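Colleague: The structure under discussion is supplied below as C-alpha cells; questions concerning it will follow.
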Amino acid sequence: MPLLPTRKSGNFGSDSASHESAIPGASPPDLEDIFRYLDERSPAGARKVIEAIHGAIMSAAEHPLSARETSDPAIRVKIVGRFHYKIFYRVGADEIEILHVRHGARRPWVTED
C-alpha cells in the first residue's frame, strides 16, 4: 500500500529526529468516510474538520510522544481539539503509523479500554 510521508523535525526521546506520518494511500479510509459523511451535511464544515485532523497528525509527527498512551502502551491517541476526533497511532523509530481515526462520541475503540 502506498504511503504519504509528511516529514517534520521534532524531538523524539532525547535526540532530535525527523518523523514521518505513514498514511495509507492519499488519505486513510477513515478520513474519506468522515469527509463523505460530513460533506453531505456541511461542505465547509467537512473541510474544517479534515484540516484539523491533518493538523493534529502533523503535530503528532512532530511530537510523537506527546499524546496519551492507550491501554496498549505501543499505541497513542491524539485528540483533535474542538471537533473531538481521536487519532490512534503507533510510534516507530522514525515514523508514526496512523491506525484509526474516529469521533469521540462513538463507542470506544478496542485500545481505549
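FYI, it's all coordinate maths here, none of it is from the lab. All of these numbers come straight from a predicted model, not from anything done at the bench. Cβ coordinates were reconstructed from backbone atoms using ideal geometry, including for glycine residues, and neighbour counts include every protein chain displayed.
Colleague: For a quick protection proxy, order the peptides 80-91, 43-54, 65-76 by their average other-Cβ count within 10 Å, most packed first.
Modeller: 80-91, 43-54, 65-76
Colleague: Residues with beta-carbon under 14 Å from that of S42, excluding S42: net charge, scoring Lys, Arg +1 and Asp, Glu -1?
Modeller: +1
Colleague: Continuing with the same structure: Enumerate the amide H contacts of I75 below 5 Å, restricted to partners 5 or more residues apart or on another chain; note that Pro and chain-start residues carry no placed amide H.
Modeller: Under 5 Å from the amide H of I75: T70.
Colleague: Net charge around F83, counting only other residues with Cβ within less than 11 Å of its Cβ (Lys, Arg = +1; Asp, Glu = -1)?
Modeller: That works out to +2.
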